[in-house]
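The values are calculated or read from the model by the stated rules, or taken from the named source; none is laboratory data. Every value quoted in this text rests on a predicted model; they were computed, and no experiment measured them. Methodologically, a virtual Cβ is constructed for each residue, glycine included, from the backbone with ideal geometry; neighbour enumeration extends over all protein chains shown.
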Amino acid sequence: MGISDEIEIQFRVTLTLDPAMIPRQIAADSAGRITREFRIDILNAAPFADLGPSTRVAAPGATVVLDGSDSRDPNGDDLTTAGGSIFEWSIVSPSGVRTDRRNSLPGFSSTELGAHRVTLTVTDPGGAVSEPAEGFLIVTGTGTSQVPSADAGVDRVRRVDTVVTLDGSASYDPDVAGLTFRWTQVSGPTAVLSSGSAIKPTFTPGVPGTYVFELTVSDSSDQKPSAPDRVSVIVIDDRAPTPRHAPAARARLDSSSTTGPRVLDRLVVKGDLSVGAGTLGYQWSQLGGVPVIFQTTGDELEFRPVFPDTYVFELTVTDNTGLSSLPARIAVPVQARGSEDRGNNVNWSFGSDGKVTLTGSLTGPGGTPVPGTRFRFVPRLGPPVVLTDESPGRASFVPPHSGVYEFEVHAISPDGVTFSSEIEAPVSLPGNPLPTAVLEVTPGMTSIELDGSASTPAGLSHYFSQLDGVPVVHLHRLWQRASHGIDLD
């Protein structure tokens, strides 16, 4: 039974005790009866809006069904239009034209090329309104009608009072006629860019912190804008009298369950593997799944899920100097009690017809496919491509050029749990071979040298990025080498 309004429940409890056993300060009648009344208010919690894949790609004029049926309600309210719920869709085109729809399954089409911003809010029958869910619908054609792809570069670590160069040169330009760049700062200490429209703008950070920038690219006539891409720059002050190194956040699930998390289990997410200077502060937030009430104590977050779903949390740690880490995320798929443990198996193939085929299957412990599973293929990296031949657990596309095409595959079980995996498809087309990266590491007493000169073919540009550990600064960057300094105690 759902909760459509705030409910007030009143209780009256009467206890009968031996009058000789009742303290004088507690009022009781001559028969030893003690009566107390109390009230419990049960609130109508806001629903959780789910607009489906956060990024979709469609051909010009093709009708896309926007489906919010995976939206959930913590109180179990009926989130259907027949049940009295309202689904508010807003689609803003690249030129700023806004289209509003009210329905759970509206069809939408556009011939305007570029990234359309899609927003969904859900109102349950009791009037509680969800936070907006946002995503992008990229309308793209082929050849010169293809929408470009923004690449803001890799996250990096730099020192205060040194010039930092942002790099959008890896953005994809299908027209080969030049791109228009638009950089904006999203968060962090204020930074002044040398140019908001340059391929490689610079800034000089004056204070430590995490600087986050967003890049959008358009074609040479400033049309067909891409979806945005973000890059983070951690700025440290490791040469000060009191050095300030950025901490690193780590999140893991701490559970004694050997069968996987289940509904109503006590689940604990820990950040005890995080590292940084002094006593760390831990900031937790929920990013995905049905909203839950969670408690935090130091490096631990505890919650009890009431619905099968994938619960996503984010951890940021702050050291004793006030410097914060990049956020660390963890996804916890929670299954219904009595359900089998399941696994999402993904693969890809490149056929003689020039198509890349993506496949996924959700299987139980014995390898048997779970019937009724739905799949989403969400593009994460590479030029936007239109998926065709879509069927349960399968989709195809024609790659426009060599590159690495990355997709996140969501397998949604019949009981509503989402199992996520990634497909990374490196495609090498004739006449345009995909480069092969080769990394050699040479350790030293005070520095470690990274050497990518053995990568093929010759004439490549090399980019080094740190994936794990306490963030460190590249002491120098050559075309093919980079070094990391080491502080020795």
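Take the residues in the stretch 194-244 that are among the hydroxyl-bearing types (Ser, Thr, Tyr) and touching a Pro at 6+ places or on another chain (Cβ under 8 Å), then tell me which one is surrounded by the fewest Cβ atoms within 10 Å (Cβ to Cβ).
Looking at residues that are among the hydroxyl-bearing types (Ser, Thr, Tyr) and touching a Pro at 6+ places or on another chain (Cβ under 8 Å), I get Ser195.
Would you mind telling me which numbered condition in (1) among the aliphatic types (A, V, I, L, M); (2) surrounded by 14 or more Cβ atoms within 10 Å (Cβ to Cβ); (3) under 26 Å from Phe307 (Cβ atoms) Val92 fails?
The number of the failed condition is (3).
Considering the stretch 401-426 alone, what residues qualify as being in contact with a Leu (Cβ under 9 Å, 6 or more places away or on another chain), at pLDDT below 90 and β-branched (Val, Ile, Thr)?
Val404, Ile412
Any residue in the stretch 385-404 that is farther than 15 Å from Gly351 by Cα sitting within a Cβ distance under 6 Å of a residue that is at pLDDT 90 or above and outside any strand (DSSP E or B)? List the pairs, counting only those 6 or more apart or interchain.
Correct list of pairs: Val386/Ala59.
Just for the stretch 386-398: of the residues that are part of a loop (DSSP other than H, G, I, E, B) and either modelled with pLDDT under 90 or of a type outside the set (A, V, I, L, M) (or both), which one is surrounded by the most Cβ atoms within 10 Å (Cβ to Cβ)?
Filtering the stretch 386-398 for residues that are part of a loop (DSSP other than H, G, I, E, B) and either modelled with pLDDT under 90 or of a type outside the set (A, V, I, L, M) (or both), the one surrounded by the most Cβ atoms within 10 Å (Cβ to Cβ) comes out as Gly393.
Looking only at the stretch 363-394, which residues are among the hydrophobic types (A, V, I, L, M, F, W, C) and under 22 Å from Leu51 (Cα atoms)?
Matches in the stretch 363-394: Phe375, Phe377, Val378, Leu381, Val385, Val386, Leu387.
Report yes if some residue within the stretch 360-369 is in contact with a Leu (Cβ under 7 Å, 6 or more places away or on another chain), surrounded by 15 or more Cβ atoms within 10 Å (Cβ to Cβ) and among the aliphatic types (A, V, I, L, M); otherwise report no.
The answer is no; no qualifying residue exists.
Quick one: Phe87 ticks every box in (1) farther than 23 Å from Lys224 by Cα; (2) surrounded by fewer than 20 Cβ atoms within 10 Å (Cβ to Cβ) bar one, so which box is it?
Only one criterion is unmet by Phe87, namely (2).
For Arg380, indicate whether it is in a strand (DSSP E or B), of a type outside the set (Ser, Thr, Tyr) and surrounded by 19 or more Cβ atoms within 10 Å (Cβ to Cβ).
no
Whether any residue in the stretch 109-124 is at pLDDT 90 or above, in a strand (DSSP E or B) and surrounded by fewer than 16 Cβ atoms within 10 Å (Cβ to Cβ) is what I want to check.
No, that holds for no residue.
Any residue that is charged (D, E, K, R), touching a strand residue (DSSP E or B) at 6+ places or on another chain (Cβ under 6 Å) and over 29 Å from Gly416 (Cβ atoms) - is there at least one of those in the stretch 268-275?
Looking through the stretch 268-275, none of the residues is charged (D, E, K, R), touching a strand residue (DSSP E or B) at 6+ places or on another chain (Cβ under 6 Å) and over 29 Å from Gly416 (Cβ atoms).
Considering only the stretch 399-414, how many residues are loosely packed, with under 15 Cβ neighbours inside 10 Å and more than 28 Å from Asp173 (Cβ to Cβ)?
1
Of all the residues that make up the stretch 72-95, how many are assigned to a loop (DSSP other than H, G, I, E, B), free of Cβ contacts under 8 Å to residues at least 60 places away in the same chain and under 25 Å from the mean Cα position of the chain (by Cα)?
Total meeting the criteria: 2.
Could you grab me the full set of residues in the stretch 125-145 that are among the polar types (S, T, N, Q), buried (at least 21 other Cβ atoms within 10 Å of the Cβ) and in contact with an Asp or Glu (Cβ under 9 Å, 6 or more places away or on another chain)?
Ser130
Taking Pro435, is it over 30 Å from Val263 (Cα atoms), under 31 Å from the mean Cα position of the chain (by Cα) and either modelled with pLDDT under 80 or of a type outside the set (A, V, I, L, M) (or both)?
Answer is yes for this residue.
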